[in-house]
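Participant: Let me begin by handing over the structure; questions about it come next.
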Amino acid sequence: MDKAFLTVENLNKRYADDAPPVFEQVSFSIDKGEFVCIIGHSGCGKTTILNVLAGLEAPSGGVVIMDQREVKGPSLDRGVVFQSHALMPWFSVLGNVVFAVRSRWPDWSRAKAEEHARRFIEMVGLQGAEQKKPSELSGGMKQRVGIARAFSIEPKMLLMDEPFGALDALTRGVVQDELLKICSATHQTVFMITHDVDEAILLADKIFLMSNGPHARIAEVVLNTMPKTRTRESMHHDPQFYRIRNHLVDFLVHRSRRIQEAGAVDLVTRVVTPGLEESVPAQASDNFPQAALAS
Amino acid sequence: MKPSAQLGWRAGLISLALFGCLLLVWHLATAPKESARIEAGVGGGASADDEYAKLMGKTSSSPAKTSGFPGLAQMGETIRKELAHPFYDNGPNDKGIGIQLGYSLARVGLGFAIAAVVAIPLGFLLGMSPLMQRALNPFIQILKPISPLAWMPLALYTIKDSSISGIFVIFICSVWPMLMNTAFGVASVRRDWLNVAKTLEVTPLRKAFLVILPAAAPTILTGMRISMGIAWLVIVAAEMLVGGTGIGYFVWNEWNNLSLTSVIFAILMIGVTGMVLDLLFARLQKLVTYTE
């Protein structure tokens, strides 16, 4: 635990003093190079957690420690890909990425910054579109520019808030493949919010499942037991895919609410490996009588 | 492209037709025979006018002149003469229209520029700081609705220079729309863009010039366009008051000369100049507008 790259301890957030906390007792850790997806229903505070990690929002309690330093305020160490891509429409594609690059390395010459930016634009497959304005791009291309911008500052960690939420299924698949390729090439540590179960299984090493808010918490950490070499095309032929998928869907449909209703305190986050249940310590599942019933 | 071009043609045709109608009505209304008949219809007015004309040492030998309102031919003659030599200068009371417009434009330009230098940074401050916005709001709300000409006596007394007072009046009338629009534009920059700047640890100066300014530029330009419109309205009145030079003074001077053709000509020129200024700002606005 103490050698983890990012540690979150006992995070909670309430928006009003008399209101119940949106989430509480949120503790987890992420290792270097790990890809983590977080899934949960709307209102469980996923985006708030991401904003806290990004330093854009302050938690009501708890700490975030990254690389042995407490996270307080935004930093270039953490790149953020926003749900709405958040490109600046008055800059070209290149201008948007160069803006980030020059924020990271202010003393670089314009030429050097542009060269660096071009490399990342190429990486997301947008060579030739450098001079275009964001308004001339499709949704998928815009999101790729957002990814290029986040990667271009070479952050220690990448935070993504439903980056593909607004894309159609086909484009989404293409951009997912792109992201997977880049992440495995750069060993990027990623924390990503998604609503898409298949997306989580394809991309993530670990999937955090959040119970419903208020009083939301991370109820389970699902280890992705599929081989690292999984691809979007062949993934669904592996029986293991369905074991994980069913587990996730069951959680979202039934258990996320039951855990909230049970309202038990001091729950230990359960680590599960769907399909390989024999590897789970017996006592861990005992923490969740309701969960055990459902599965 | 084709239907819109066709629409343009048709609109132009109607505009021309309306213009023709206007000229025709003008011509009919000012034609000597027509005016005589109208005057007869009114009653005693005609004879009273005749008597007055005789008293003034004029006879009705030139009916077009005494009927007051100039006809199209006179108008055309004046326009031709004025436009042939727009920059002549025969002393303080006889300058070409170009020189007078130049004076007015210089005053408007200077007052407007000073207003921009004050209003845009101040607007940035108001837009970025809700505290300052609230603190300054009562002042702005009270000062904004004051007619700029109401400041004139105070300006004349304190500045003791009519020309600078004119510039001050232009400043005070153009400052408010620019201030309000800049503050609004800066305050409503999209959260996402500011968050991007935050996560990139952008320095305040870079953030102001590379994020907030371009994001708020269309709104700021709208404010500037409104300000310029108001300034051009106010300059005529201000120059009528302070006198000396400028298109407003020209109008008043020609009224004192009872030269209605020159007054109408000046009115036309004020309109055309105002339109050109507005088009200029529309062009600028188009330059900074972005599509999301």
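Any read-out appearing in this document is the output of simple, stated calculations on the displayed coordinates, not a laboratory observation. As the structure is a prediction and not an experimental result, all values here were calculated from the model. Cβ atoms come from the backbone with ideal geometry, glycine included; neighbour counts cover every protein chain shown.
Participant: Does A:VAL145 satisfy the criteria of being outside any loop (DSSP other than H, G, I, E, B) and either among the hydroxyl-bearing types (Ser, Thr, Tyr) or surrounded by fewer than 20 Cβ atoms within 10 Å (Cβ to Cβ) (or both)? Give the steps one after another, and end with the answer.
Facilitator: Numbers: outside any loop (DSSP other than H, G, I, E, B): yes; either among the hydroxyl-bearing types (Ser, Thr, Tyr) or surrounded by fewer than 20 Cβ atoms within 10 Å (Cβ to Cβ) (or both): no.
Considered against the rule, which asks whether it is outside any loop (DSSP other than H, G, I, E, B) and either among the hydroxyl-bearing types (Ser, Thr, Tyr) or surrounded by fewer than 20 Cβ atoms within 10 Å (Cβ to Cβ) (or both), A:VAL145 comes out as no.
Participant: Can you pull out the residues in the range A:83-94 that are more than 7 Å from every other protein chain (Cβ to nearest Cβ) and either more than 11 Å from B:VAL196 (Cα to Cα) or touching an Asp or Glu at 6+ places or on another chain (Cβ under 7 Å) (or both)?
Facilitator: Of all residues in the range A:83-94, those more than 7 Å from every other protein chain (Cβ to nearest Cβ) come to A:83, A:85, A:87, A:91-94.
Correct list: A:GLN83, A:PHE91, A:SER92, A:VAL93, A:LEU94.
Participant: Determine which single condition A:PRO106 fails, assuming it passes every other condition in (1) more than 30 Å from A:VAL222 (Cβ to Cβ); (2) within 14 Å of another protein chain (Cβ to nearest Cβ); (3) buried (at least 18 other Cβ atoms within 10 Å of the Cβ).
Facilitator: Single failed check for A:PRO106: (3).
Participant: So if I check each of A:VAL8, A:VAL101, A:VAL80, A:VAL97, which one is out of contact with any Pro (no Cβ under 7 Å at 6 or more places or on another chain), away from every other protein chain (no Cβ under 14 Å) and not in a loop (DSSP other than H, G, I, E, B)? Show your work before the answer.
Facilitator: Working: A:VAL101 fails: away from every other protein chain (no Cβ under 14 Å); A:VAL80 fails: away from every other protein chain (no Cβ under 14 Å); A:VAL97 fails: away from every other protein chain (no Cβ under 14 Å).
A:VAL8 is the lone residue from the list that is out of contact with any Pro (no Cβ under 7 Å at 6 or more places or on another chain), away from every other protein chain (no Cβ under 14 Å) and not in a loop (DSSP other than H, G, I, E, B).
Participant: Restricting to the range B:280-290, give me the number of residues that are part of a helix (DSSP H, G or I) and in contact (Cβ under 8 Å) with a residue 24 or more places away in the chain. Working first, answer last.
Facilitator: Our first condition is that a residue be part of a helix (DSSP H, G or I); within the range B:280-290, this holds for B:280-288.
Add one more test, that the residue is in contact (Cβ under 8 Å) with a residue 24 or more places away in the chain, and what stays is B:281-282, B:284-285, B:288.
Matching residues across the range B:280-290 total 5.
Participant: Among the helices (runs of 4 or more DSSP H) contained in the range B:182-279, which hold 2 or more residues that are charged (D, E, K, R) and more than 14 Å from every other protein chain (Cβ to nearest Cβ)? Quick ask: steps written out before the conclusion?
Facilitator: Numbers: elements: B:191-199, B:213-242, B:247-256.
Those helices (runs of 4 or more DSSP H) span B:213-242.
Participant: Could you list, ordered by first residue, the pairs with Cβ atoms under 6 Å in which the first is in the range A:126-138 and within 14 Å of chain B (Cβ to nearest Cβ) and the second is of a type in the set (D, E, K, R), at least 6 apart or interchain?
Facilitator: Listed by first residue and then by second, the contacts come to A:PRO134/A:LYS142.
Participant: When the residues of the range B:136-156 are narrowed to those that are surrounded by fewer than 16 Cβ atoms within 10 Å (Cβ to Cβ) and touching a Leu at 6+ places or on another chain (Cβ under 9 Å), which ends up farthest from B:VAL186 (Cα to Cα)?
Facilitator: In the first step, residues of the range B:136-156 are kept if they are surrounded by fewer than 16 Cβ atoms within 10 Å (Cβ to Cβ); the result is B:137-139, B:141-147, B:150, B:153-154.
From what is left, the residues that are touching a Leu at 6+ places or on another chain (Cβ under 9 Å) are B:137, B:144.
Working: B:ASN137: 16, B:LYS144: 20 Å.
Filtering the range B:136-156 for residues that are surrounded by fewer than 16 Cβ atoms within 10 Å (Cβ to Cβ) and touching a Leu at 6+ places or on another chain (Cβ under 9 Å), the one farthest from B:VAL186 (Cα to Cα) comes out as B:LYS144.
Participant: Further question on the same structure: What number of residues in the range B:103-154 are within 20 Å of the chain's Cα centre (by Cα) and over 20 Å from B:VAL211 (Cα atoms)?
Facilitator: 22
Participant: If I ask for residues that are surrounded by fewer than 17 Cβ atoms within 10 Å (Cβ to Cβ) and within 26 Å of A:ARG258 (Cα to Cα), which ones from the range A:226-242 would you list?
Facilitator: Once the filter is applied, which keeps residues that are surrounded by fewer than 17 Cβ atoms within 10 Å (Cβ to Cβ) and within 26 Å of A:ARG258 (Cα to Cα), the range A:226-242 yields only A:TYR242.
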